[in-house]
Ligand SMILES: [Cu+2]
């Protein structure tokens, strides 16, 4: 694994641990630290993307990601209309009222180009379309 990916994984892991610590506050005793095994699988690197829905476009029209790694998209509707983020081939569909923020996380298990759009009638035609380009895990 390239060094920069390892560093990113470590950063994400520490963020997760901080979140756990907050949740665990108030519990009686902390669980003993797990002993890492040599066969442990590497921590998955969560790919983070923020995408804004506006009237009538997405602020990003091309998202690049790697296959077989979690992809977390934070969606926010900054428009005045309802919008719906949808990737038909991946069965992803997230409805967004005006002002609403939602987070969707999924793993794409193959390389390819997947079209995303807003499924509210007329919105894709008005420009609410983009593509998710998924490359190999090793890139
Ligand atoms: Cu829309």
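In this entry, residue 57 passes the filter for residues that are over 17 Å from the mean Cα position of the chain (by Cα), within 16 Å of the ligand (Cβ to nearest atom) and in contact (Cβ under 8 Å) with a residue 40 or more places away in the chain.
Going through (1) touching a residue at least 40 places away in the same chain (Cβ under 8 Å); (2) over 20 Å from residue 137 (Cα atoms) one by one, residue 102 falls short only on (1). Scoring residue 85 on the criteria (1) within 11 Å of the ligand (Cβ to nearest atom); (2) outside any strand (DSSP E or B) leaves a single failure, condition (2).
Of the residues making up segment 65-88, just one is closer than 24 Å to residue 110 by Cβ and loosely packed, with under 13 Cβ neighbours inside 10 Å, namely 88.
Checking residue 114 against (1) surrounded by 15 or more Cβ atoms within 10 Å (Cβ to Cβ); (2) within 11 Å of the ligand (Cβ to nearest atom), only one condition comes out false. Which one? The single condition residue 114 does not satisfy is (2).
Of all the numbered requirements in (1) without any contact (Cβ under 8 Å) to a residue 24 or more places away in the chain; (2) closer than 17 Å to residue 128 by Cα, residue 112 misses one, and that requirement is (2). Of the residues that make up segment 61-78, is at least one assigned to a loop (DSSP other than H, G, I, E, B), out of contact with any strand residue (DSSP E or B) (no Cβ under 8 Å at 6 or more places or on another chain) and at pLDDT 95 or above? No, there is no match, as no residue in segment 61-78 is assigned to a loop (DSSP other than H, G, I, E, B), out of contact with any strand residue (DSSP E or B) (no Cβ under 8 Å at 6 or more places or on another chain) and at pLDDT 95 or above.
The values are calculated or read from the model by the stated rules, or taken from the named source; none is laboratory data. Not measured: the values here are computed from a predicted model. Positions of Cβ are backbone-derived with ideal geometry, glycine not excepted, and every protein chain shown enters the neighbour counts.
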